[in-house]
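This report concerns only the one structure given below.
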Amino acid sequence: MNGHDDHRDGLGRISRRDFVRYGGTFGVLAGVDSVLPGWVHWAGAPPWREPAVLDGSAGPIELTIGETRIGIDGRGGTATTINGTVPGPILRFREGDEAVIHVTNTLDEDTSIHWHGLILPNAMDGVPNVNFPGIRPGETFTYRYPVRQFGTYWYHSHSKLQEQLGHYGAMVIDPAGSEPETYDREHVIVLSDWTFSSPYRVMARLKKHPDYYNFDKRTVFDFLRDASEDGLGRTVSDRLSWGGMRMNPTDISDITSAAFIYLMNGQGPDDNWTGLFEPGERVRLRFINAAAATYFDVRVPGLPLTVIQMDGQHVKPVETDEFRIPPAKTYDVIVEPGENRAYTIFAESIARGGHARGTLAPREGMEAPVPDPRERPLLTMADMGMAGMMGHDMGGMEQMDHSMHDMTPPDTAMTPDSTMSSDPMAGHDHSAMAGGAAAMTGMGSPLRPPGTLPEDSMHGEDEHGPGNAGVAMMATSRLDEPGVGLGEDGWRVLRYTDLEALEPWDDFRAPDREIELHLTGNMERFMWSIDGVKFSDAEPIRVEYGERIRLTMINDTMMNHPMHLHGMWMELENGKGNRIPRVHTINVKPAEKVSLLFHADALGPWAFHCHILYHMDAGMFRVVEVVEPEGGMGHHMHRGHDDRSGVR
Amino acid sequence: MSDVRVWSRRAAAFGAAIAVTVVGGSSPLAAQTMDDMIYTYVSFDELEYVPGASEEPVEYKGQMWIGGDFERIWFKARGEQSTLEHEGDFEGQALYSRTTSAFWNTQVGLRVDHLYGPGPGATRGHLALGVQGLAPYWFELESFLFVSHRGDVSARVEASYDLLFTQRLIVEPEFELNGAVQSVPQFGVGSGLTDFELGARVRYEIVRELAPYVGMSWVRLIGETADMARGAGAGVGNANFVAGLRWWY
């Protein structure tokens, strides 16, 4: 930002920067409502403003973080915006560009931008106090990094709860070469959640009464209905088994439609965001879930969805009718609307009761029927980690057996048999390691081949202390399950086991060691942590540069957690051998055991956390620090960055 | 009286020391998340008018805590104030509370009782030690042991349960049992089990923070305590209609 210090140009007019600064003051004087609480609103809510598209290939991009009044379904609120809109502008780059992005903070608190899913130098990753100090009020920070990948990504604040206030936007990177799939037009679809309450108040309420937003709890009348349908004995034993664990089967989302209105490209369901098409066109929809705390189940009634990318990575095209998009993930799908009519894009919240909605239409102003909301889902015994205990769901085992045989033999000396004999208790005794959280197995016993599904495991004796309310007694692979509340509607639902990379990986080495982490929480106190230790009490997880790590996560909580590793790709071991898909964010279901591989090929401290904003800020966060190996970097240099770009 | 003042000074010093512990120290990296924030909670679980009782009192039971996930300073207050004259009783507790397991807090601190009115007033202090938390099957439970400044030992158990008729219409049955080792006539306490209270309140949560309610409360003195009351010509039990407001922030 060259003109940073020249507040006025030669003619004495107010410069852009001053305008931004004084604009805030004028805003307060002109609109008294900006000083009133969020729930006070006026009939004249500002109209929706479409996010701009900024071409980063053409030159530096300038972004200004500020406060802006926005309108949602006719109601006004104050958002933390990027260039004045929610979402912020769509940033477009081409693979091979150098991104130069000046970010000016006009807020009266620190801010930051994290480029979600981008592989970039550590200092550019944008996490305050991990990668850089943050951007102070009035300051301009310049992000500068090579763009070495393609696909659909997004960017957002990593400071306090600003992301909930609208501080996010889409980022689209075109490949240097050609796209494997052709399409005639594309739309970016940013899903998010908005609350007219202060998110800090939301957090405080959850700390005091974690069930504050759950208006779906089971009542006396639910008991009577269940007793008449399923019999009294079964109903009583169901209530006793949940009550005995002090768990609630309706605890699907911490924050529900009681507080949230769900947005599609910043517009409420009534505003009805509309994307145009010509009948017969192939339309690429780039779905991004920028919600702070909401999983969406996405479908377009009447149109099959062909998934072509996940997290910006090409996958073998797979056709489905609905997919669940966890916070922070992206899915690119192609639809072919053949008829000259409107189609509803329906993104239902995981706890039901609310949805984001938009329309694909040949013309503006059209709409199609909006589907009825589905019934509230309930967690099951499998979510308690009792699937194995109950003796009727060993699906994970069979699945694993399968993948063993289907797997392309990887470049490794290990035999598939060696994994089957592993002691189910192995790998748990170390979780007690003080503060470290990093558990190492595989030092003595060989690890199973890369790309395979993890074996089921019994939980060890360490129950992770007061920060954790329960454990998954039997953790299983659940990648082949659609997730709670899905799969019973008579249409296809995408599963992680449906996805494989478009091309096999060239460098598909076996892991050097395994790190096992338990996702832990105490819903009664709204505490969230990893291995029972919240971030401020934890030591970084240290890995050596050049190491190939198997990251195994076991979810001991009853909630889904979208876990995101910064700076390095994770390869999801879903049984597809050397075609396992690459992700920046992985959803971990309750009582699930999931494993991913990553190359520690980027030095420095990287954030690793749950992407439910309130879980992250409650402490479900770690720093993964890639350190130089003892004896220097020399012999590791051959494992450089070159194989880690987004290119295949 | 003077020892009470000494204790309250000690309690204040203790509280200040805990506050420093709670607010203090965190690593610089931790500034990335808000996981060591201090929250303040205030709640009037019961704030009710009892029109049928002889003194037509207003009764209250409230609590407040300040702290983080593991350590909190906890204040509790309960009592009644006649609406007819300056008469009533008050019990206050200041406790250090620590999360000892997923669902339980261990609490230790001081309790002060104060009787006031037209007759002779009385004040006493206690050391308080107890646990508070959520028992299996969703029972809120609190169990305390008290030792007064004269060495009298007493105990209390409280339990409550939320029964949902709708998401906002909730019936809360409640039970409390008190007992004492020594009799303390000044406070009308006999040795053995002293009294219990059974209540049920039906509240409607207009918002989570605010719920008007109506209910019944049955208090009964038992054992030696009941005998002492009878000897003084007082009743030993009554069931009353109550109407009040539950509020928290």
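Just so it is clear, none of the values below were taken in a lab; they were calculated from the coordinates. Nothing here was measured: the structure is a model prediction, and the numbers come from that model. Quick reminder, even Gly has a Cβ in these numbers, built from the backbone with ideal geometry, and neighbours come from all protein chains shown.
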Discussion item. If the requirement is being aromatic (Phe, Trp, Tyr), within 14 Å of another protein chain (Cβ to nearest Cβ), surrounded by 21 or more Cβ atoms within 10 Å (Cβ to Cβ) and under 24 Å from the mean Cα position of the chain (by Cα), which of these qualifies: A:Tyr153, A:Tyr200, A:Tyr168, A:Tyr212?
Written reply: A:Tyr212
Item to complete: State all residues of region A:572-587 that are within 25 Å of A:Thr380 (Cβ to Cβ) and either free of Cβ contacts under 8 Å to residues at least 12 places away in the same chain or in a strand (DSSP E or B) (or both); if no residue qualifies, say none.
Response: A:Leu572, A:Thr585, A:Ile586, A:Asn587
Worksheet item: Among the candidates A:Pro581, A:Pro590, A:Pro562, which residue alone is away from chain B (no Cβ under 14 Å) and within 25 Å of B:Gly133 (Cβ to Cβ)?
Response: A:Pro590
Discussion item. Being of a type in the set (A, V, I, L, M), in a strand (DSSP E or B), within 14 Å of another protein chain (Cβ to nearest Cβ) and under 30 Å from A:Gly244 (Cβ atoms): is that true of B:Leu145 here?
Written reply: no
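In this structure, does A:Ser237 turn out to be within 14 Å of another protein chain (Cβ to nearest Cβ), surrounded by fewer than 17 Cβ atoms within 10 Å (Cβ to Cβ) and under 30 Å from A:Ile612 (Cα atoms)?
So A:Ser237 fails the test.
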Worksheet item: Just one of B:Val50, B:Val58 is touching a residue at least 60 places away in the same chain (Cβ under 8 Å), over 17 Å from B:Gly133 (Cα atoms), touching a Ser or Thr at 6+ places or on another chain (Cβ under 8 Å) and away from every other protein chain (no Cβ under 11 Å); which is it?
Response: B:Val50
Discussion item. I want to confirm something. Restricting to region A:551-571 and keeping residues that are among the aliphatic types (A, V, I, L, M) and part of a loop (DSSP other than H, G, I, E, B), which single residue is farthest from A:Ala602 (Cα to Cα)?
Written reply: A:Met558
Fill in: Residue in region A:610-624 that is surrounded by the fewest Cβ atoms within 10 Å (Cβ to Cβ), counting only those that are of a type outside the set (Phe, Trp, Tyr) and within 8 Å of another protein chain (Cβ to nearest Cβ)
A:Val623
Item to complete: Inspect region A:112-135 for any residue being under 29 Å from A:Phe287 (Cβ atoms), among the hydroxyl-bearing types (Ser, Thr, Tyr) and either more than 14 Å from chain B (Cβ to nearest Cβ) or in contact with a helix residue (DSSP H, G or I) (Cβ under 8 Å, 6 or more places away or on another chain) (or both) and give the result as yes or no.
Response: no
Worksheet item: What are the residues in region A:588-606 that are within 20 Å of A:Ile554 (Cα to Cα) and in contact (Cβ under 8 Å) with a residue 60 or more places away in the chain, if any?
Response: A:Val588, A:Lys589, A:Pro590, A:Ala591, A:Glu592, A:Lys593, A:Val594, A:Ser595, A:Leu597
Worksheet item: Taking region B:150-185 as the region of interest, how many residues are basic (Lys, Arg) and surrounded by 16 or more Cβ atoms within 10 Å (Cβ to Cβ)?
Response: 1
Worksheet item: How do the strands (runs of 3 or more DSSP E) wholly within region A:511-550 filter down when requiring 3 or more residues that are touching a residue at least 24 places away in the same chain (Cβ under 8 Å) and within 13 Å of another protein chain (Cβ to nearest Cβ): which remain?
Response: A:513-522, A:527-530
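Out of the residues in region B:89-103 meeting the condition of being touching a helix residue (DSSP H, G or I) at 6+ places or on another chain (Cβ under 8 Å) and surrounded by fewer than 18 Cβ atoms within 10 Å (Cβ to Cβ), tell me which one is farthest from A:Thr520 (Cα to Cα).
Once the filter is applied, the top-ranked residue is B:Thr100.
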Item to complete: Have a look at A:Arg144, A:Arg218 and point out the one that is outside any helix (DSSP H, G or I), more than 26 Å from the chain's Cα centre (by Cα) and farther than 25 Å from A:Arg284 by Cα.
Response: A:Arg218
Practice prompt. Could you tell me whether any residue of region B:111-130 is touching a strand residue (DSSP E or B) at 6+ places or on another chain (Cβ under 9 Å), buried (at least 16 other Cβ atoms within 10 Å of the Cβ) and closer than 25 Å to A:Gly244 by Cβ?
Written response: yes
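Among the residues of region A:216-233 satisfying the criterion of being free of Cβ contacts under 8 Å to residues at least 60 places away in the same chain and facing chain B (nearest Cβ under 10 Å), which is surrounded by the fewest Cβ atoms within 10 Å (Cβ to Cβ)?
Only one residue tops the list, namely A:Phe221.
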Worksheet item: Can you find even one residue in region A:244-251 that is closer than 30 Å to B:Gly133 by Cα, of a type in the set (A, V, I, L, M) and free of Cβ contacts under 8 Å to residues at least 60 places away in the same chain?
Response: no
Discussion item. What's the total number of residues in region A:342-391 that are without any contact (Cβ under 8 Å) to a residue 60 or more places away in the chain and in contact with a helix residue (DSSP H, G or I) (Cβ under 7 Å, 6 or more places away or on another chain)?
Written reply: 1
Worksheet item: From the residues in region A:594-612 that are touching a helix residue (DSSP H, G or I) at 6+ places or on another chain (Cβ under 8 Å) and part of a strand (DSSP E or B), which one is nearest to A:Ala293 (Cα to Cα)?
Response: A:Cys610
Item to complete: Please tell me if A:Ile189 is away from chain B (no Cβ under 14 Å), surrounded by 19 or more Cβ atoms within 10 Å (Cβ to Cβ) and in a strand (DSSP E or B).
Response: yes
Worksheet entry | A:Arg324 vs. criteria under 18 Å from the mean Cα position of the chain (by Cα), part of a strand (DSSP E or B) and not aromatic (Phe, Trp, Tyr) | yes
Worksheet item: Of the conditions (1) surrounded by 24 or more Cβ atoms within 10 Å (Cβ to Cβ); (2) small (Gly, Ala, Ser); (3) within 14 Å of chain B (Cβ to nearest Cβ), A:Gly567 fails just one. Which one is it?
Response: (3)
Fill in: Checking B:Phe187 against (1) of a type in the set (A, V, I, L, M, F, W, C); (2) out of contact with any Phe, Trp or Tyr (no Cβ under 9 Å at 6 or more places or on another chain); (3) under 20 Å from B:Pro51 (Cβ atoms), the condition it does not meet
(3)
Worksheet item: For the subset of region A:252-261 comprising residues that are within 23 Å of A:Lys329 (Cβ to Cβ) and surrounded by fewer than 22 Cβ atoms within 10 Å (Cβ to Cβ), which member is farthest from the other protein chains (Cβ to nearest Cβ)?
Response: A:Ile261
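Please find, within region A:578-634, the residue that is farthest from A:Asp254 (Cα to Cα) out of those that are out of contact with any strand residue (DSSP E or B) (no Cβ under 9 Å at 6 or more places or on another chain) and hydrophobic (A, V, I, L, M, F, W, C). Walk me through it before giving the result.
To start, the set of residues in region A:578-634 that are out of contact with any strand residue (DSSP E or B) (no Cβ under 9 Å at 6 or more places or on another chain) comprises A:613, A:631-634.
Filter once more, keeping what is hydrophobic (A, V, I, L, M, F, W, C): A:613, A:633.
Working: A:Leu613: 11, A:Met633: 45 Å.
The extreme case among them is A:Met633.
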Item to complete: Identify the residue in region A:83-117 that is part of a loop (DSSP other than H, G, I, E, B) and of a type in the set (A, V, I, L, M) and, among all such residues, is surrounded by the fewest Cβ atoms within 10 Å (Cβ to Cβ).
Response: A:Leu107
Fill in: Matching entry among B:Ala155, B:Ala239 (being within 21 Å of B:Val50 (Cβ to Cβ) and of a type outside the set (Ser, Thr, Tyr))
B:Ala239
